[in-house]
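K.L.:
Here's a structure for you.
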Amino acid sequence: MAQEAQSEAVAAMAMPSGNTGQSSVDRASSTDNPEVLAERCDYLYRRITPAVIATIALSLLLHAFLWRTRPGPLLMFWQVTVVVLGAGLWLLGWAYRRDKAKGAIDPEVWVRRAAIGALALGTGWGYAAAVFFPGGEQEQIFIAFVVALVATGGLPMFSTVWWVYALYAAGVMIPFNVVLFAYGTENFRVLGAAVPTLYVANVLTAYQLGRVFAAAYGLRGAYRKLWDDNAEINAQLASQLDDLLEAHRAVQAYDRKLSLFSERAPIAVFEVDPNATIHDMNPAAENLFGYAAHELVGRNGITMLFPSDDRAQTEQWWRDFVAEGKPTTIVAERCLRRDELELTCEWTLTPLVDEEDSVTSIVIQGRDITHQRESERMRSEFTSTLSHELRTPLTSILGSLQLLRSGVLGELDKDQDEITEIAERNGQRLLDLINEVLDIEKIESGRVVLVPETVEVDEFVADSVRLNQGFADRFTVTLRLVGELPKVKVRGDRKRLMQIMTNLLSNAAKFSPPNETVEVLCTRKDGRVQLVVADRGPGIPETFRGKIFGRFAQADSTDSRIRGGTGLGLAICKRLIEMMQGRIGFNPREGGGTEFWFELPVMRDEDEETGGAQRILVTEHDTVAAEYLAMVLGKAGYSVDMAPDASTSRALLGRWQYAMWMVDRNLRDVDDTVSLIAEMHHRLIDTKIVMLMSLRSEQATIEEPSRHGIVGWLMKNEPRQRVLEVVEGAIGPAPAPAEAPA
């Protein structure tokens, strides 16, 4: 770039002056160009000192030549005048240099000042020619020679600005030309006629010299700018090279980190191409499958990573996945190791795309979940053991103890009754513990199914107080309703709501002092109903308040021995309330004690009839997938019910009218989901059906899906935007929440 700019500047300087098109340097050399004008001005003032010295020296020479033939006072007057004019011009140059050092220079002003000084100096010489010319012929010839020398000598001094020289030469030649005609001989008169020609020739010469000077200045400026540009480009290149080097180092560091992460990662990592050919794998993958990397690189990974009885269907799923180019997560049930041991693996597939959104490779990360599945199976067996092998006989034991205390087998004496009562009470505590452990295990595993129904709040609260008063009597505590109960309805699982109220009321009774009253009040505000259970117990310590809803949480370990309890009740209540779109919490009570409360949305009349215009049922046995869909839809404003199987779906569809039913293509308790849809056809008149699938190929297993009311298909791990796009396209966006009437 710098060489091209330099070539352009030189070519512009080489262009003939007569060219009608003004070159870039010509434009730069015009007096309108401040930089060139400043250079001309500076050149003028740099020549002032030599001009003053030459003027004084030449004046002394003329003075020495004429001092015998011309009056002494007149010569002295002229000599002083020349010295004064020279000194004035020198002072002007000094002032210029001073202002230039300060940086306060206006070239136009200083050129005009130089022109005045040059005119004054030229006029001084013209005055000498006019005064001293009359006389002998020898002196006249010498004076004419001096005048010509002075006029011509001004060219190198003032020609950078041609009109300055024109003024100077006019001051010298005009008076001399007048005396030539007045006092000169015939030959001098002929010379006088040629003086204007000489003047014009000198001025033209000054003009041309000025153009040359300006062009030279312009070229120098162009070279200077070219040098600056070149320096700037070099600086930019150096900076870019530094940035590139830094980026290269960052890429190398990132590559090292990525390689280290892949090598040291505890999970298996494969890199495959769009054809599923394995290109690379990490040591964890070698350990997982028992193959060395060189044994698998270059082989097709579909058979090993995604085993299936239908190879063609798996390959079609792979092609669909590559074409879509979106990350996905799948579970492969039967991955075969080298030693023929079958593994269950969870794979996360992340496509890498180029600028054209074409998949270049796929990074597959996987982990062995065989032991996790085995742990889940063992936990399920343990739960079953608790349920059948412990709870069933314990129920019989409690029944027998209650029969003994009732006197069926005869009256018991006081000691026998006390022992039987202790056995019954501790047996009940053990049964409560088993039930709560089963509940929390079911909640955490996602196997708790809520069957919502319309619940009259006033009747429900009154029933809960009445049914729990017997338990409170054991602690000589009274349960009392405070205020008028609002006539509102909520949508919830009545059995689970009663479990929550029983837990809160029993806790309040156990921790209240004897002969105290537990107050129960219910209020409605902003479309929600709040139930409060207030006791006069010891309260909750400040350090324990953040743990109150945790599992096995009790403020004082002695409480479990004195009052009974497992510390699981509040954790169960919190999870159940949240599953019903509610909130639970507590507040310290003025005067001592604690207020536990929970809130639920008030059910509107139209919701009671239709189940909610935008209510969605999600039938999915995979708890993670179901909760993900519920979260996405709930955040968007839809109301969501979840069912893990076909039997629960039948109950919910029989009770409520849903706007959409999102159902898994493969449910465990029915042979075919399509048959379940046909069975519930009479309840799905206005319900849109969206099928949930694990593989894209499942979409081809239903012919004419619209005939069954299926309006869309979704992968279980679709991104949020895609889920909402399908739902809103079928039933419209969720309406803005409306405040319930007071």
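The values are calculated or read from the model by the stated rules, or taken from the named source; none is laboratory data. Not measured: the values here are computed from a predicted model. Don't worry about glycine lacking a Cβ; one is built from the backbone with ideal geometry, like all the others, and counts go over all protein chains shown.
K.L.:
Kindly check whether there is at least one residue in segment 646-653 that is farther than 17 Å from Glu718 by Cβ, small (Gly, Ala, Ser), free of Cβ contacts under 8 Å to residues at least 60 places away in the same chain and crowded, with 18+ Cβ neighbours inside 10 Å.
P.N.:
Yes, there is a match, as at least one residue in segment 646-653 is farther than 17 Å from Glu718 by Cβ, small (Gly, Ala, Ser), free of Cβ contacts under 8 Å to residues at least 60 places away in the same chain and crowded, with 18+ Cβ neighbours inside 10 Å.
K.L.:
Moving on. Consider Val529 carefully, then state whether it is among the hydrophobic types (A, V, I, L, M, F, W, C) and crowded, with 19+ Cβ neighbours inside 10 Å.
P.N.:
yes
K.L.:
State which residue pairs qualify: first residue in contact (Cβ under 8 Å) with a residue 12 or more places away in the chain and inside segment 355-373, second residue among the acidic types (Asp, Glu) and surrounded by fewer than 12 Cβ atoms within 10 Å (Cβ to Cβ) in any location, beta carbons under 7 Å apart, and separation of 6 or more residues or different chains.
P.N.:
What qualifies is Thr360/Asp354.
K.L.:
Looking at segment 598-707, what helices (runs of 4 or more DSSP H) fall wholly within it and have at least 3 residues that are over 18 Å from Val490 (Cα atoms) and of a type outside the set (Asp, Glu)?
P.N.:
Qualifying helices (runs of 4 or more DSSP H): 623-635, 646-655, 673-679.
K.L.:
Specify the residue that is surrounded by the fewest Cβ atoms within 10 Å (Cβ to Cβ); the eligible residues are those in segment 314-344 that are touching an Asp or Glu at 6+ places or on another chain (Cβ under 6 Å) and of a type outside the set (A, V, I, L, M).
P.N.:
Filtering segment 314-344 for residues that are touching an Asp or Glu at 6+ places or on another chain (Cβ under 6 Å) and of a type outside the set (A, V, I, L, M), the one surrounded by the fewest Cβ atoms within 10 Å (Cβ to Cβ) comes out as Arg334.
K.L.:
Consider only pairs whose beta carbons are under 7 Å apart and that are at least six residues apart or on different chains; among these, list those whose first residue lies in segment 123-138 and is surrounded by 19 or more Cβ atoms within 10 Å (Cβ to Cβ) and whose second residue is of a type in the set (S, T, N, Q).
P.N.:
Qualifying pairs under 7 Å: Gly124/Thr81; Phe133/Gln140.
Residues are listed down the side, and each one gets a yes or a no for (1) surrounded by 15 or more Cβ atoms within 10 Å (Cβ to Cβ); (2) assigned by TED's automatic domain parsing to the domain that holds Leu336; (3) more than 24 Å from Arg367 (Cβ to Cβ); (4) within 35 Å of the chain's Cα centre (by Cα):
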{"position": "Ala222", "(1), (2), (3), (4)": "yes, no, yes, no"}
{"position": "Leu245", "(1), (2), (3), (4)": "no, no, yes, yes"}
{"position": "Ala276", "(1), (2), (3), (4)": "yes, yes, no, yes"}
{"position": "His279", "(1), (2), (3), (4)": "no, yes, no, yes"}
{"position": "Ala285", "(1), (2), (3), (4)": "yes, yes, no, yes"}
{"position": "Ala292", "(1), (2), (3), (4)": "no, yes, no, no"}
{"position": "Glu295", "(1), (2), (3), (4)": "no, yes, no, no"}
{"position": "Ile302", "(1), (2), (3), (4)": "yes, yes, no, no"}
{"position": "Pro307", "(1), (2), (3), (4)": "yes, yes, no, no"}
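K.L.:
Assuming Leu521 fulfils every condition listed in (1) assigned to a strand (DSSP E or B); (2) in contact with a helix residue (DSSP H, G or I) (Cβ under 8 Å, 6 or more places away or on another chain); (3) not polar (S, T, N, Q) apart from one, which condition is it?
P.N.:
(2)
K.L.:
It is to be established whether one or more residues within segment 654-674 are among the charged types (D, E, K, R), buried (at least 18 other Cβ atoms within 10 Å of the Cβ), at pLDDT below 85 and touching a strand residue (DSSP E or B) at 6+ places or on another chain (Cβ under 8 Å).
P.N.:
Looking for residues that are among the charged types (D, E, K, R), buried (at least 18 other Cβ atoms within 10 Å of the Cβ), at pLDDT below 85 and touching a strand residue (DSSP E or B) at 6+ places or on another chain (Cβ under 8 Å), one finds none in segment 654-674, hence no.
K.L.:
When the residues of segment 447-465 are narrowed to those that are under 9 Å from Arg494 (Cα atoms) and of a type in the set (Val, Ile, Thr), which ends up modelled with the lowest pLDDT?
P.N.:
Restricting to residues being under 9 Å from Arg494 (Cα atoms) and of a type in the set (Val, Ile, Thr), the top hit is Val451.
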